[in-house]
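Asker: Please see the structure below; I have some questions.
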Amino acid sequence: MTETVLIIDFGSQVTQLIARRVREAGVYSEIAPYHHAETAIERLEPAALILSGGPDSVLNEDAPALPPAVFERGLPVLGICYGQQIMTRQLGGEVAGDGHREFGRAFVEITDPSPLFEGVWRPGERHQVWMSHGDRVVAPPPGFRAVGVSDGAPLAIIADEERRLYGLQFHPEVVHTPDGARLLANFVHRVAGLAGDWTMAAFRDQAIERIRAQVGEGRVICGLSGGVDSSVAALLLHEAIGDQLTCVFVDHGLLRAGEAEEVVSLFRGHYNIPLLHADKADVFLAALDGVDDPEAKRKIIGRLFVETFEAAAEEIGDAAFLAQGTLYPDVIESVSALGGPSVTIKSHHNVGGLPERMKLDLVEPLRELFKDEVRALGRELGLPERFVGRHPFPGPGLAIRVPGAVTPDKLAILRQADAIYLDEIRKAGLYDAIWQAFAVLLPVRTVGVMGDSRTYDYVCALRAVTSNDGMTADFYPFDMAFLGAAATRIINEVRGINRVVYDVTSKPPGTIEWE
């Protein structure tokens, strides 16, 4: 059985980063909200537990708490921020909200050696960390000792090495704690004694077994968009069940330039996977006619996708399953009961299940993976790099990159501008350095002068962001020569655009999609 670390989530906006760091250390991890912790422990039988941070104060009467099972099983436990404080309170220590707050960059001084620091930090050294706390531990539980202090937290790091219980007031999962990933690796390897042998090759074998066990002799239809998620899901399913799989490629008229031809050629031609090319552009565009609210667009597109898959299932005749490329962040953000905006943000996903009338069971072979892990699996499966490294493209396609009403003319203008922008990025050798880049046709028109005449045309905005995980992002710092060349090509080659701007908005932690 795969060794697992369970992360108990108290609502931190960076909990997913903990799971990623643990997996980067070669150990499989899952996240469960605190009020489902006992059930998750029973289901997963984890080898270690990590308690996340969170927005609440442990001093509140209704503060989220841990079930007794967390400490009764004798598992190694690492508490982070709120996790440290709730562990302290429930084990007999003291937490105070006495005004000694720390937010942002801070420094901890290591006072005693610990397996948590082995090969990373030594007593007497000071190291940068990232703090975010108003409360702090002022008296450790029985059996604990302080092994690290900061200006705002005299018990910034506490340890009960006999019971393998540790608490950190800072966040080791974020990049602002430079040695944080190594501390988490020490926890899973040196403290919990886990081997760290979770690999994509191992996941591939396990996933194929699970698919075969779930599907049996049944037929599966797979929604194929051409993005990395659905492409990897389709290849994995084909390897597992062969001709029991039929891919359905929905050509909804909202795709990027040349995308339909490329997807059909690769999967039907190269891989010889049964593929149904559903040309529904007229249907989707008619339904979107006059709709300018982005959430209404999403719901219309989501409904039409379901109807298209229903029709495909009838055409195939005996399909029992629908497969899609749901990822782990989709699952966490869409089904978490901790609150937040995920319900509306993820409205074009079917993560919570399909309409009952479809009478199809979901197959989601990637729902345990993050985006970078999906790319690694794609390479393991031999997917061409142009698909593996493709920038994310959301389900609603170009519809949400045309603010305001969607029309065929606007889509044609945007599609051409977007293709030129990506072409310039590739020519400059920057495509792989950027996590996502695309053009947006703004819902404004401006007066301009082109040659000897006035124009009244659209403004095109260009976006490009860097990211390690898709959960936080920053704008890519193009030089002016690149932006000038890209803008000049777009204005010269695309009729309907007379102005180009570059969007330098960053994506803060806690937001879900970048569109």
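The values are calculated or read from the model by the stated rules, or taken from the named source; none is laboratory data. If you're wondering where the values come from, they're calculated on a predicted model, not measured in any experiment. As a convention, Cβ positions derive from the backbone with ideal geometry for all residues, glycine included, and neighbour counts pool all protein chains shown. Quick note on the areas: whole protein, heavy atoms, side chains included, nothing else; ligands and nucleic acids left out. Shrake-Rupley method; radii C 1.70, N 1.55, O 1.52, S 1.80 Å.
Asker: Identify the residue in the range 408-432 that is at pLDDT 95 or above and under 15 Å from Phe475 (Cα atoms) and, among all such residues, is surrounded by the fewest Cβ atoms within 10 Å (Cβ to Cβ).
Answerer: So the residue we want is Leu430.
Asker: Have a look at Ile41, Ile8 and point out the one that is within 20 Å of Val331 (Cα to Cα), β-branched (Val, Ile, Thr) and assigned to a strand (DSSP E or B).
Answerer: The match here is Ile8.
Asker: Among the candidates Asp205, Asp197, Asp292, single out the residue that is on the phi < 0 side of the Ramachandran plot, outside any loop (DSSP other than H, G, I, E, B), open to solvent by 30 Å² or more (accessible area, probe 1.4 Å) and of a type in the set (D, E, K, R).
Answerer: Only one candidate passes the filter, namely Asp205.
Asker: Okay, moving on. Tally up the residues in the range 386-418 that are assigned to a helix (DSSP H, G or I), under 21 Å from Pro443 (Cβ atoms) and not charged (D, E, K, R), please.
Answerer: 11
Asker: Step by step: first the residues of the range 128-143, then only those that are surrounded by fewer than 20 Cβ atoms within 10 Å (Cβ to Cβ) and closer than 20 Å to Glu173 by Cα, then the one that is farthest from the chain's Cα centre (by Cα). Which residue is that?
Answerer: Gly134
Asker: Out of all the residues in the range 32-41, is one or more over 16 Å from the mean Cα position of the chain (by Cα), open to solvent by 20 Å² or more (accessible area, probe 1.4 Å) and of a type in the set (Gly, Ala, Ser)?
Answerer: The answer is no; no qualifying residue exists.
Asker: Output the residue which, of all residues in the range 385-404 that are open to solvent by 30 Å² or more (accessible area, probe 1.4 Å) and either aliphatic (A, V, I, L, M) or over 14 Å from Ala257 (Cα atoms) (or both), is farthest from the chain's Cα centre (by Cα).
Answerer: Top of the filtered list is Pro403.
Asker: So which of Gly119, Gly167, Gly180 is under 34 Å from the mean Cα position of the chain (by Cα), closer than 15 Å to Thr88 by Cβ and not hydroxyl-bearing (Ser, Thr, Tyr)?
Answerer: Answer to the check: Gly167.
Asker: I would also like to ask the following. Note down all Cβ pairs under 7 Å where the first residue falls in the range 253-281 and is among the hydroxyl-bearing types (Ser, Thr, Tyr), the second is open to solvent by less than 60 Å² (accessible area, probe 1.4 Å), and they're at least six residues apart or on different chains.
Answerer: Tyr271/His238
Asker: Just wondering, is there one or more residues in the range 90-98 that are touching a Lys or Arg at 6+ places or on another chain (Cβ under 7 Å), under 17 Å from Gly167 (Cβ atoms), of a type in the set (A, V, I, L, M, F, W, C) and open to solvent by less than 50 Å² (accessible area, probe 1.4 Å)?
Answerer: Within the range 90-98, one or more residues are touching a Lys or Arg at 6+ places or on another chain (Cβ under 7 Å), under 17 Å from Gly167 (Cβ atoms), of a type in the set (A, V, I, L, M, F, W, C) and open to solvent by less than 50 Å² (accessible area, probe 1.4 Å).
Asker: Sticking with this one: Hey, does the range 49-63 have a residue that's free of Cβ contacts under 8 Å to residues at least 40 places away in the same chain and either under 21 Å from Arg163 (Cα atoms) or not in a loop (DSSP other than H, G, I, E, B) (or both)?
Answerer: No, because not a single residue in the range 49-63 is free of Cβ contacts under 8 Å to residues at least 40 places away in the same chain and either under 21 Å from Arg163 (Cα atoms) or not in a loop (DSSP other than H, G, I, E, B) (or both).
Asker: So Leu304 passes all but one of these: (1) touching a Phe, Trp or Tyr at 6+ places or on another chain (Cβ under 9 Å); (2) open to solvent by 20 Å² or more (accessible area, probe 1.4 Å). Which condition number does it fail?
Answerer: Result: Leu304 fails condition (2) only.
Asker: What is the one condition in (1) open to solvent by 30 Å² or more (accessible area, probe 1.4 Å); (2) within 30 Å of Arg20 (Cβ to Cβ) that Asn492 does not satisfy?
Answerer: Going through the list (1) open to solvent by 30 Å² or more (accessible area, probe 1.4 Å); (2) within 30 Å of Arg20 (Cβ to Cβ), Asn492 breaks only (2).
Asker: I'm told Gly226 meets every condition in (1) of a type outside the set (Lys, Arg); (2) in contact with a Phe, Trp or Tyr (Cβ under 7 Å, 6 or more places away or on another chain); (3) open to solvent by less than 10 Å² (accessible area, probe 1.4 Å); (4) not in a strand (DSSP E or B) except one. Can you identify the failing condition by its number?
Answerer: Answer for Gly226: the failing condition is (2).
Asker: Give me a count of the residues in the range 76-94 that are over 28 Å from the mean Cα position of the chain (by Cα) and not in a helix (DSSP H, G or I).
Answerer: Within the range 76-94, residues that are over 28 Å from the mean Cα position of the chain (by Cα) and not in a helix (DSSP H, G or I) number 4.
For (1) of a type in the set (A, V, I, L, M, F, W, C); (2) within 21 Å of Arg73 (Cα to Cα), each residue gets a yes or a no:
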{"position": "Phe10", "(1), (2)": "yes, yes"}
{"position": "Arg21", "(1), (2)": "no, no"}
{"position": "Gly26", "(1), (2)": "no, no"}
{"position": "Ala32", "(1), (2)": "yes, yes"}
{"position": "His36", "(1), (2)": "no, yes"}
{"position": "Ala40", "(1), (2)": "yes, yes"}
{"position": "Leu44", "(1), (2)": "yes, yes"}
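Asker: Being surrounded by 20 or more Cβ atoms within 10 Å (Cβ to Cβ) and modelled with pLDDT of 90 or more is the requirement here; does Ala65 meet it?
Answerer: For Ala65, the condition - surrounded by 20 or more Cβ atoms within 10 Å (Cβ to Cβ) and modelled with pLDDT of 90 or more - is not met.
Asker: Considering Leu462, Leu483, which residue is open to solvent by less than 40 Å² (accessible area, probe 1.4 Å), at pLDDT 95 or above and either closer than 30 Å to Leu304 by Cβ or within 28 Å of the chain's Cα centre (by Cα) (or both)?
Answerer: One residue alone meets the criteria, Leu462.
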